[in-house]
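Report on one structure; see the data block that follows.
The values are calculated or read from the model by the stated rules, or taken from the named source; none is laboratory data. Everything numeric here is computed off the predicted structure, so don't read it as measured data. Here the Cβ positions follow ideal geometry from the backbone for every residue, glycine too, while neighbour counts run over all protein chains shown. Remember, those area values only see protein heavy atoms, side chains included, never the ligands or the DNA or RNA. Shrake-Rupley method; radii C 1.70, N 1.55, O 1.52, S 1.80 Å.
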Amino acid sequence: MSALDISIRAQIMNLLRDIQDRTGVSFLLIAHDLAVVRHMSRRVGVMYLGKLVEMADSDELYVRPLHPYTKALLAAGAPIHPAERDKETILGGEMPSPLSPPSGCAFRLRCPMAMARCSEVAPTLKSHAGHLVACHLHDDRSPDAG
Ligand code: SF4
């Protein structure tokens, strides 16, 4: 929808929500516009290099992001001066090729929080009270049972 005029975009979003309210249908929305995603979604998944790195209910994810990539995405969209940004949310480097991703965590070459373990072991998605995240920073938190 990014190429659409803003009023057309709003009409389409409202139409989709109306269809959903009337029929109960689910939509899978793939988008880069974080404001659109927040407006349209009850549950949000964040992907990096083709893999899901975080998923949570929309309100939870936007208020309490856990993955460094999600934090950087949300900070990049926030209306603050770049000089005031937390250094933990500023990404360096380039997106690696998905054909030859880095060892361990695919995000590690750009992650301001990377540590030795990140190059050795690929993190897996773990659920913490329904909030899924794939990051070694959260390995010590106890995941949901089951
Ligand atoms: S696993 Fe390591 S490199 Fe990957 S997002 Fe977490 S801290 Fe950063």
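Surrounded by 17 or more Cβ atoms within 10 Å (Cβ to Cβ), modelled with pLDDT of 90 or more, away from the ligand (no atom under 11 Å from the Cβ) and part of a loop (DSSP other than H, G, I, E, B): is that true of residue 123 in this structure? It is false that residue 123 is surrounded by 17 or more Cβ atoms within 10 Å (Cβ to Cβ), modelled with pLDDT of 90 or more, away from the ligand (no atom under 11 Å from the Cβ) and part of a loop (DSSP other than H, G, I, E, B). Scanning segment 4-50 for residues that are open to solvent by less than 100 Å² (accessible area, probe 1.4 Å), at pLDDT below 90 and outside any helix (DSSP H, G or I) yields a total of 4.
Residues in segment 51-80 that are open to solvent by 40 Å² or more (accessible area, probe 1.4 Å), among the aliphatic types (A, V, I, L, M) and touching a residue at least 12 places away in the same chain (Cβ under 8 Å): 4 in all. Put simply, of 142, 103 the only residue that is farther than 17 Å from residue 72 by Cβ, part of a loop (DSSP other than H, G, I, E, B) and within 12 Å of the ligand (Cβ to nearest atom) is 103. Scanning segment 106-116 for residues that are surrounded by 14 or more Cβ atoms within 10 Å (Cβ to Cβ) and near the ligand (Cβ under 7 Å from one of its atoms) yields a total of 5.
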